[in-house]
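See structure below.
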Amino acid sequence: MIDRASAGIDEHFVEQVRLTRTSEGLEHGTGTAADPRDESVPSARLLAYFDAQLQSRHLDFASRWLRAQDQGFYTIGSAGHESNAAVAMALRPSDPALLHYRSGGFYAARAAQVEGSTPIRDVLLGMAAAAADPISGGRHKVFGHRGLNIIPQTSTIASHLPRAVGLGFAIGRAPAMGLATPWPADSVVVCSFGDASANHSTAVGALNSAAYCAHRGIAVPVLFVCEDNGLGISTKTPPGWLEGSLSRYAGVYYAQADGLDPTQVMAVAQDAADRVRAGRRPAILHLKTVRFMGHAGSDAELGYRTPAEIQRDHARDPLLHTARLLMDRGVLTGPEVLARYEAMRERVMATATAAGASRRLTSAGEIMAPIAPRRADAVARTATALAASRPGDEAPLTLAQSINATLAGVLAAVPEALVFGEDVAVKGGVYGLTRGLRKTFGAVRVFDTLLDEQTIIGTALGTALAGMVPIPEIQYLAYLHNAEDQLRGEAATLGFFSNGQYRNGMVVRVAGLAYQRGFGGHFHNDNSLAVLRDVPGLVLAVPAHPADAPGLLRTCVALAREEGRVCVFVEPIARYHTRDLHAPDDRGWMASLADGSGGGDELGRVTVHGDGGDILVVTFGNGVFLSRRAAKDLAADGIACTVLDLRWLAPLPEAELLAHVGRFDRVLVVDETRRSGGVSESVVSLLVDRGFDGSIARVTGHDSFIPLGAAADHVLLHEDDIIRAAHELTSSPAASSADEDPS
């Protein structure tokens, strides 16, 4: 019924319990045996702990059985980690939990605290990728359940830890904002992760940020649980390494517990949870565990461990040690232990058979439904209401000034909105985009963060989950790449893995793109947007002109608030303080907040400049500025251009773009990003796919990082490139296409 690895640990447990009617014949492991005279944990509580462990173990066996029947698709198990049930029992079911994939014991113990829960069915439906899975709807096997306050995480490399810190921060910050979160004000956030993942930058950064907050007296009630089985798939964790690394965070309480000793682990977990709840400060519980049955079903342990090593670990089975204590106390006899064990097996396997026959997702539309939900009317209403909150001064503004004024309007109208990032509060941003906001709205809502992009996005993830509207700033586009997985793997996937039950709407403002006259080199002139355009459901907006920025920003806020969308708002640094378009003092690159479209559902709308009929120039960002300047020179040469600003780069505004393209025989795509993987590739592909039969050309930047100083001119797109391409396009037959390289 089960595979060889499962059979080994299963048979060992049964054999050891059968050896004796008491605990005397039980094989002792290398861990500390529990003292049966220690009755600090009542026997009824110990029995509940054992039941959670049994449930988790047999669910692991069932996962292997389902896989063998080709009815299950997930075999990473919790066997050997069942002592994490003690953590759930130390907490309240209302405490939000972000768990890694060996948390079967925790899930079972948490569900036992909530009447009407069906944890066996829940977990098995996830393993079977069944559409009835109550958390992901058959999209992934994750430990999650809204009714149990378990927030789903893939948690492959502790990537959920920054979110956990952000959520703890949000729960601590909410009272000062006069807001309520979905959890009680004295809640503890718990997050678990493995010993190998503890070395990842996401874990180190999250623990560091928690320690930083503790040092500053900022409430961050997070209990970090490192489940240490000594193995990262095949790589051993050096003895003493985690003890040294996890205990070094100043201001963070550290405790270690042996998962083989039920009374110890339950007492230590309770003490750690109580400390976090009372002190509103983070704590680390280092839980010693063992791993059975390999990393997953496909992992052949014999490739890197000897049979003797594997066999020795069987003596460290936490189920055996709990059974031993129950027998020593006289709560259960050996036969009663085995009867309880087999009864759980029968219960789980009966449910597994039904789960394996459940319906799966059957269409792309059904699978994708939670990714990008639309509530267009609600978004339009919110964006329009935000437009009404603009300041009364209608003087012409630069792009920087218009964004600053719009942020002020959003903060005034949305009490749950937050603005944060490096240098945004006291300094007001490197380029002055947030100047004056802290003074007006206070340090509770406008604040500086650590210099760590993962922490910044993690703070957004947690505060959004708590019902706030975070507007974090990343200082430069090149630095966003340090935290890409927080957007891709955590932010954008939450709705997908929870079937829309959880969302984390946010607006990430990023100073980006190039044309800063050679200043700063690559790290201040990054022109790569491909990674953002590749994330399902992520909204990417790029304002070019001050007239467009307010409407786009308000709509992003409305999308975050009403649809839970993850929005990235990339602002062209080079245009922040531009005032003139064609000639000194013409003020062609300024606008008042009353200009533009104001509010409304802006997603998918483009802006068009000019009405020339010879060429449609499709562009965005700095390309709008360059193309409008080039269009004036082209007009003098007798070539009339219309410049279309895409504004939305993900998803592309396909409908409006195609509607405008239909009036032209020639299209020139002006793309300031790179030639390979740039925006122009998608635009050209769209036109070809939709049967555009005119001429198409594109001009782009080079496939290069941007160097320092004047050398940048050699790899960036320029007005002359646009003018030359337009001349070549108009001189070519209308039915042909060109592909211009600025070189």
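The values are calculated or read from the model by the stated rules, or taken from the named source; none is laboratory data. Since we're looking at a predicted model, the values are computed, not measured. All Cβ positions, glycine included, derive from the backbone under ideal geometry; neighbour counts span all protein chains shown.
Please find, within the range 256-311, the residue that is modelled with the lowest pLDDT out of those that are on the phi > 0 side of the Ramachandran plot and not hydrophobic (A, V, I, L, M, F, W, C). Before the answer, list the steps.
To start, the set of residues in the range 256-311 that are on the phi > 0 side of the Ramachandran plot comprises 280, 293-294.
Imposing the further condition that a residue be not hydrophobic (A, V, I, L, M, F, W, C) reduces the set to 280, 294.
Numbers: R280: 97, G294: 87.
In this case the residue turns out to be G294.
How many residues does the range 246-298 hold that are touching a Cys at 6+ places or on another chain (Cβ under 9 Å) and within 30 Å of D10 (Cβ to Cβ)? Before the answer, list the steps.
Of the residues in the range 246-298, the ones touching a Cys at 6+ places or on another chain (Cβ under 9 Å) are 246, 251, 281-282, 284-287.
Add one more test, that the residue is within 30 Å of D10 (Cβ to Cβ), and what stays is 285-287.
Number satisfying all stated conditions: 3.
Taking the condition of being closer than 12 Å to L47 by Cα, touching a residue at least 12 places away in the same chain (Cβ under 8 Å) and not aliphatic (A, V, I, L, M), how many residues in the range 325-340 meet it?
Going through the range 325-340 one residue at a time, the tally reaches 2.
Hey, among the residues in the range 76-126 that are assigned to a helix (DSSP H, G or I) and either in contact with a Gly (Cβ under 6 Å, 6 or more places away or on another chain) or at pLDDT below 95 (or both), which one's surrounded by the most Cβ atoms within 10 Å (Cβ to Cβ)? Walk me through it before giving the result.
The first filter runs over the range 76-126 and keeps only residues assigned to a helix (DSSP H, G or I), leaving 82-90, 104-112, 119-126.
Those left that are additionally either in contact with a Gly (Cβ under 6 Å, 6 or more places away or on another chain) or at pLDDT below 95 (or both): 82-85.
Numbers: E82: 32, S83: 32, N84: 33, A85: 35.
The qualifying residue surrounded by the most Cβ atoms within 10 Å (Cβ to Cβ) is A85.
Does P415 satisfy being buried (at least 24 other Cβ atoms within 10 Å of the Cβ) and outside the structural domain of V165 (by TED's automatic domain parsing)?
Values: buried (at least 24 other Cβ atoms within 10 Å of the Cβ): no; outside the structural domain of V165 (by TED's automatic domain parsing): yes.
No; evaluated as a whole, the condition is false for this residue.
Take the residues in the range 1-49 that are surrounded by fewer than 20 Cβ atoms within 10 Å (Cβ to Cβ), in the same structural domain as T75 (by TED's automatic domain parsing) and touching a His at 6+ places or on another chain (Cβ under 8 Å); name whichever of them is modelled with the highest pLDDT.
Residue satisfying both the conditions and the ranking: H12.
Please verify whether the range 57-65 includes one or more residues that are out of contact with any strand residue (DSSP E or B) (no Cβ under 6 Å at 6 or more places or on another chain), within 21 Å of R316 (Cα to Cα) and of a type in the set (G, A, S). Can you show your working first?
Taking the range 57-65 as the starting set, the residues that turn out to be out of contact with any strand residue (DSSP E or B) (no Cβ under 6 Å at 6 or more places or on another chain) are 57-65.
Filter again for within 21 Å of R316 (Cα to Cα), leaving 57-61.
Filter again for of a type in the set (G, A, S), leaving none.
Taking every residue of the range 57-65 in turn, none turns out to be out of contact with any strand residue (DSSP E or B) (no Cβ under 6 Å at 6 or more places or on another chain), within 21 Å of R316 (Cα to Cα) and of a type in the set (G, A, S).
Working only within the range 438-454, note down all residues that are among the hydroxyl-bearing types (S, T, Y) and either more than 24 Å from the chain's Cα centre (by Cα) or farther than 21 Å from T202 by Cβ (or both). Can you show your working first?
Of the range 438-454, the ones among the hydroxyl-bearing types (S, T, Y) are 440, 449.
Correct list: T440 only.
Quick check on this structure: which one of A130, A174, A164 is crowded, with 23+ Cβ neighbours inside 10 Å and outside any loop (DSSP other than H, G, I, E, B)?
On inspection, the qualifying residue turns out to be A164.
Within the range 283-321, restricting attention to residues that are acidic (D, E) and either in contact with a strand residue (DSSP E or B) (Cβ under 8 Å, 6 or more places away or on another chain) or in contact (Cβ under 8 Å) with a residue 24 or more places away in the chain (or both), which residue is surrounded by the fewest Cβ atoms within 10 Å (Cβ to Cβ)?
At the first step, the residues of the range 283-321 found to be acidic (D, E) are 299, 301, 309, 313, 317.
With the extra rule that they be either in contact with a strand residue (DSSP E or B) (Cβ under 8 Å, 6 or more places away or on another chain) or in contact (Cβ under 8 Å) with a residue 24 or more places away in the chain (or both), the set shrinks to 299, 301, 313, 317.
Numbers: D299: 17, E301: 20, D313: 21, D317: 24.
Filtering first and then ranking leaves D299.
Which one of V204, V276 is assigned to a helix (DSSP H, G or I), under 22 Å from R163 (Cβ atoms) and free of Cβ contacts under 8 Å to residues at least 24 places away in the same chain?
Values: V276 fails: free of Cβ contacts under 8 Å to residues at least 24 places away in the same chain.
That would be V204, the only listed residue that is assigned to a helix (DSSP H, G or I), under 22 Å from R163 (Cβ atoms) and free of Cβ contacts under 8 Å to residues at least 24 places away in the same chain.
Mind listing just one residue for me: the one in the range 645-701 that is among the aliphatic types (A, V, I, L, M) and in a loop (DSSP other than H, G, I, E, B) and, of those, surrounded by the most Cβ atoms within 10 Å (Cβ to Cβ)?
Of the range 645-701, the ones among the aliphatic types (A, V, I, L, M) are 646, 649-650, 652, 655, 657-659, 661, 667-670, 679, 683-684, 686-688, 696-697, 699.
If we keep only those that are in a loop (DSSP other than H, G, I, E, B) too, we end up with 646, 652.
On the way: L646: 25, L652: 18.
For the range 645-701, the residue satisfying everything is L646.
For residues that are buried (at least 22 other Cβ atoms within 10 Å of the Cβ) and either assigned to a helix (DSSP H, G or I) or charged (D, E, K, R) (or both), tally how many sit in the range 215-228.
Kept after step one, since they are buried (at least 22 other Cβ atoms within 10 Å of the Cβ), are these residues of the range 215-228: 220-228.
Keeping just the survivors that are either assigned to a helix (DSSP H, G or I) or charged (D, E, K, R) (or both) gives 227-228.
Residues that pass the stated criteria total 2.
Residue by residue, here is whether (1) assigned by TED's automatic domain parsing to the domain that holds E490; (2) modelled with pLDDT of 95 or more; (3) surrounded by fewer than 22 Cβ atoms within 10 Å (Cβ to Cβ); (4) under 13 Å from V508 (Cα atoms) holds:
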{"site": "C556", "(1), (2), (3), (4)": "yes, yes, no, yes"}
{"site": "L559", "(1), (2), (3), (4)": "yes, yes, no, yes"}
{"site": "A583", "(1), (2), (3), (4)": "no, yes, yes, no"}
{"site": "R587", "(1), (2), (3), (4)": "no, yes, yes, no"}
{"site": "S592", "(1), (2), (3), (4)": "no, no, yes, no"}
{"site": "S597", "(1), (2), (3), (4)": "no, no, yes, no"}
{"site": "G600", "(1), (2), (3), (4)": "no, no, yes, no"}
